[in-house]
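The values are calculated or read from the model by the stated rules, or taken from the named source; none is laboratory data. These numbers come from a predicted model, not from an experiment. Here the Cβ positions follow ideal geometry from the backbone for every residue, glycine too, while neighbour counts run over all protein chains shown.
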Amino acid sequence: MKTVFYLMTRNIYMDVDPSLKSLLKNGNIDRVYILAEDNDIGFELPKKVIVKNISGWKQRLDPNGPNFSCRWSYMVMMKVLISQMFPKLDRALTIDLDTIVRGDLSPLWEMDLDGYYFAGAREPFWTQRYGQDYVNAGVLMWNLVRMRDGMADMLIDRMNKKQYTFVEQDCINETCWDRIKVIDAAYNAGDWTERPRSEIKIRHYMASKGLWKTEPEVLKYAKMTWEEVFR
């Protein structure tokens with residue numbers, strides 16, 4: 001089953017709407033989970049979108065740890081626990097809400113992940129700086145089966161103890177750098193990616209202070225009704 005996860009605190013529930021609509025219209029996926037702080041996020045959702053309250057899992061995080069109150073919110077650390085929250089899933093895609101999906105994501109479920117914990121698109125700047133592949137965590141395909149070998153616990157333990165600038169992104173790149181599969185940048189096309197629009201499967205805006213919300217493409221999906229999404 002092609003399953004996608006968004007993770008968010010209640011102050012940004014409404015912001016997921018454009019990304020979610022583009023995902024359901026273009027992504028060819030089977031199910032979406034919104035992992036949240038509540039049992040619902042305050043507005044109507046289609047049946048294939050399920051809201052799951054994961055606030056109970058916060059006990060795995062150290063509230064006095066160096067990353068718990070980071071500007072990205074503690075939810076970024078919770079990504080690594082999806083393998084334990086959903087023990088029957090073999091793989092899943094996590095995606096940030098400042099994204100627009102433009103094409104079929106099925107190939108991400110079809111690629112070989114044997115030997116890898118994750119798959120993600122390379123960030124050229126940090127790759128060059130560190131001298132090894134460094135991927136952006138805004139769009140990640142997870143090998144949940146392999147994550148259950150103890151890696152999820154290791155990553156949580158590290159994030160509970162060591163401060164990171166980009167929290168889970170830095171932690172997984174530091175810990176799993178030789179077990180992360182690099183995928184085509186078309187699946188996480190940020191500012192560093194120069195590709196024709198026709199080739200981009202996921203546009204990741206990564207704009208500060210919410211400026212991405214004013215992008216014409218984002219506004220188009222924000223205005224779209226669910227009837228138009230599934231038409």
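Show the residue pairs that are 6+ apart or on different chains and have beta-carbon atoms under 8 Å apart, the first residue being within the range 186-215 and on the phi > 0 side of the Ramachandran plot and surrounded by fewer than 21 Cβ atoms within 10 Å (Cβ to Cβ), the second being at pLDDT below 80 and not in a helix (DSSP H, G or I). From residues that are on the phi > 0 side of the Ramachandran plot and surrounded by fewer than 21 Cβ atoms within 10 Å (Cβ to Cβ), the pairs are MET206/ASP191. Only one of the listed residues (LEU45, LEU24, LEU35) is aliphatic (A, V, I, L, M), surrounded by 12 or more Cβ atoms within 10 Å (Cβ to Cβ) and under 10 Å from VAL4 (Cβ atoms). That residue is LEU24. For the range 117-159, residues that are part of a helix (DSSP H, G or I) and modelled with pLDDT under 95 total 7. Looking at LYS162, LYS209, just one residue is modelled with pLDDT of 95 or more, out of contact with any Asp or Glu (no Cβ under 8 Å at 6 or more places or on another chain) and farther than 19 Å from VAL4 by Cβ, and that residue is LYS162.
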